[in-house]
Ligand code: ASP
């Protein structure tokens, strides 16, 4: 018998057994949610699947059973909610594998009815994963789904996403898509069942931005210690800076684009931004996944860098110390990489501030070895930019020019902070 989404199955592959509920998959892999709550993605090639229980034989959650239809109010803008999983989609029941109460726009609207005053929503679950399981190919698939929704007339997109790697996905979509409408990433630090959950506030603020004229990829999350605003962060300048606080997301080397006042719904901006319909919709989502972000630590062996060169990596971002340094014995490896046309970009562990490799000897030597200064870019953004650039272009000189350029405000012309 063929297995389907929602069935409890046992998958055996290469002597390893996985047991859990079959989750939606758009990659061809079998995705199962295991009892631990974690997902496993298994290539079906050579895997044996045994059905333990069909989904119709499992108890249906009462919440999922009583779904209404999506209400539509004339005159309101159209917003698509694409869910990738994470805590924000925690209406999904991780204990049973969640398929019985699978995420839909209707699930969100039932949980947060205030949203229906802001827009008419439709929704799709693209993935149902914790964001630590995201991959470059998933960013590509997500970008295609976003573009499809915009082509189908969405006035704004909300992407519900786990918070851990949201900044990578947001930066990736920012490089990939020229967007005429807002594309808003939102998540929550605390699940809906907790009294201090930030999911309703974040979703409502995200919806406000999705119908605004901020036609960029942004991250909209709880703004400060009080419960009165959400920050609107530019996708290429944002970072999760706390493991558990609701105001974990901060713009680094930049102000946020603005804020949403939770009480009034008003948006207040303090930075220039791309306006609605300013850009023609375009998608350039080729990526080179074989890029590495390497953190330098005192005394670390240059063999670490050597490994990536010999393993065929196509681009390397170094998270150096201070103004952008590594120890002197790493410099020959940098030179070896660049002489093989592997771009090397240096960013800083300080996060705040700008790379300047012209002050100290090591910095000058790093530049002589052909490294590119990552300016005031976040290391993660530099990595995503490297993947995107090398996906677009193979010529080394042209790739270096793009890496040095400013594509999505990932580089400030001068440091503001
Ligand atoms: N680990 C989770 C994730 O990133 C945390 C969250 O959802 O916020 O998916």
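I'd like to verify a number: residues in the stretch 159-172 that are within 13 Å of the ligand (Cβ to nearest atom) and in a helix (DSSP H, G or I), how many? Working first, answer last.
Our first condition is that a residue be within 13 Å of the ligand (Cβ to nearest atom); within the stretch 159-172, this holds for 159-170.
Checking the rest, the ones that are also in a helix (DSSP H, G or I) come to 166-170.
Going through the stretch 159-172 one residue at a time, the tally reaches 5.
Looking only at residues in the stretch 98-122 that are within 26 Å of residue 168 (Cβ to Cβ) and at pLDDT below 60, which one is farthest from the ligand (Cβ to nearest atom)?
Within the stretch 98-122, the match that is farthest from the ligand (Cβ to nearest atom) is 102.
Find all pairs meeting these conditions: Cβ atoms under 8 angstrom apart; at least six residues apart or on different chains; first residue within the stretch 148-176 and farther than 26 Å from residue 244 by Cα; second residue within 16 Å of the ligand (Cβ to nearest atom) and in a helix (DSSP H, G or I).
Once the first residue is farther than 26 Å from residue 244 by Cα and sits in the stretch 148-176, its partners that are within 16 Å of the ligand (Cβ to nearest atom) and in a helix (DSSP H, G or I) give 176/139.
Residue-wise test of (1) under 27 Å from residue 122 (Cβ atoms); (2) more than 14 Å from the ligand (Cβ to nearest atom); (3) surrounded by fewer than 21 Cβ atoms within 10 Å (Cβ to Cβ); (4) at pLDDT 95 or above.
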site	(1), (2), (3), (4)
174	yes, yes, no, yes
177	yes, yes, no, yes
189	yes, no, no, no
201	yes, yes, no, no
205	yes, yes, no, yes
209	yes, yes, no, yes
215	yes, yes, yes, yes
219	yes, no, no, yes
224	no, yes, yes, no
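Among the residues of the stretch 137-158, how many are more than 16 Å from the ligand (Cβ to nearest atom), within 12 Å of the chain's Cα centre (by Cα) and buried (at least 20 other Cβ atoms within 10 Å of the Cβ)?
Final tally of qualifying residues: 1.
Return the total of residues in the stretch 269-281 being touching a strand residue (DSSP E or B) at 6+ places or on another chain (Cβ under 9 Å) and exposed (fewer than 12 other Cβ atoms within 10 Å of the Cβ). Full working, then the answer.
Of the stretch 269-281, the ones touching a strand residue (DSSP E or B) at 6+ places or on another chain (Cβ under 9 Å) are 269-271, 273-276, 279-281.
Those left that are additionally exposed (fewer than 12 other Cβ atoms within 10 Å of the Cβ): 270, 280.
The total comes to 2.
The values are calculated or read from the model by the stated rules, or taken from the named source; none is laboratory data. Predicted, not measured: the structure shown is a model, and the values here were computed from it. Reconstructed Cβ throughout: ideal geometry from the backbone, glycine too, with neighbour counts over all protein chains shown.
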